[in-house]
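Worksheet for the structure shown next.
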Amino acid sequence: MSHPTPVLSAETRDQLDQVIASENGRSGALLTILEKAQESEPSKHLPKPMLDYVARSMGIPLSQIQSVATFYSFFNLEPQGRHTVAICRGTACHTRGSKELLDKLTTSLDFPPGATDKAAMTTRDMRLTVRTVACIGQCALAPVVEVDGDIYGHIDDRELKQVLNGLPEEGS
Ligand code: FES
């Protein structure tokens, strides 16, 4: 039995049409369009129907759009959690214990079965996406973790848990 194909809402198509109309032809248009498209999605990702729509509207092959979306790490092809935790795995952070930090965090969270890609994993309740990054550029503060864009340096697993427990819930 085939699965139903998800379609874009009229509202999403309108939003994309507006962005494409204002950006198309400018240098870097595709990146800006994909960035705005991702921002407009509550789960902060680029679903396949959205990529299809952008490809058709811009007259660009879907494969080209997919390679751009996979090349840049700030584009997500999978739905993201409401909060993002980025654990730095650069050399300075590694030597200051970031692997243990990552392992302790991931073993304390509930991921769907089969979620083993520590580069980006989202909890079953969609509250948190945990990802690893190469270097946040704050090596003097190692180990460094970024939570929803805020940087925390010299952090241990207990402090990280406190930060995560203090994150706002939906609607609060
Ligand atoms: S290695 Fe972690 S901030 Fe540079």
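See the values below:
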{"read-out": "First in region 17-46 and touching a residue at least 24 places away in the same chain (Cβ under 8 Å) and aliphatic (A, V, I, L, M), second anywhere and assigned to a loop (DSSP other than H, G, I, E, B) and open to solvent by less than 50 Å² (accessible area, probe 1.4 Å), Cβ under 8 Å, 6 or more apart", "value": "Leu30/Ile60; Leu34/Leu46; Leu34/Phe75; Leu46/Phe75; Leu46/Asn76"}
{"read-out": "Matching option when the condition is surrounded by 12 or more Cβ atoms within 10 Å (Cβ to Cβ), of a type outside the set (D, E, K, R) and touching a helix residue (DSSP H, G or I) at 6+ places or on another chain (Cβ under 7 Å), among Leu164, Leu160", "value": "Leu160"}
{"read-out": "Residue list for region 86-110, restricted to those being away from the ligand (no atom under 16 Å from the Cβ), of a type outside the set (S, T, N, Q) and not in a loop (DSSP other than H, G, I, E, B)", "value": "Asp103, Lys104"}
{"read-out": "Residue within region 111-129 that is outside the structural domain of His45 (by TED's automatic domain parsing), at pLDDT 90 or above, surrounded by fewer than 14 Cβ atoms within 10 Å (Cβ to Cβ) and not in a loop (DSSP other than H, G, I, E, B) present", "value": "no"}
{"read-out": "Single residue of Ala69, Ala86, Ala92 found to be open to solvent by less than 80 Å² (accessible area, probe 1.4 Å) and out of contact with any helix residue (DSSP H, G or I) (no Cβ under 8 Å at 6 or more places or on another chain)", "value": "Ala86"}
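The values are calculated or read from the model by the stated rules, or taken from the named source; none is laboratory data. Computed from a predicted structure; not experimentally measured. Heads up, the Cβs are rebuilt from the backbone with ideal geometry, glycines too, and the neighbour counts pull from every protein chain shown. The area values use the complete protein model at the heavy-atom level, side chains included, leaving out ligands, DNA and RNA. Shrake-Rupley method; radii C 1.70, N 1.55, O 1.52, S 1.80 Å.
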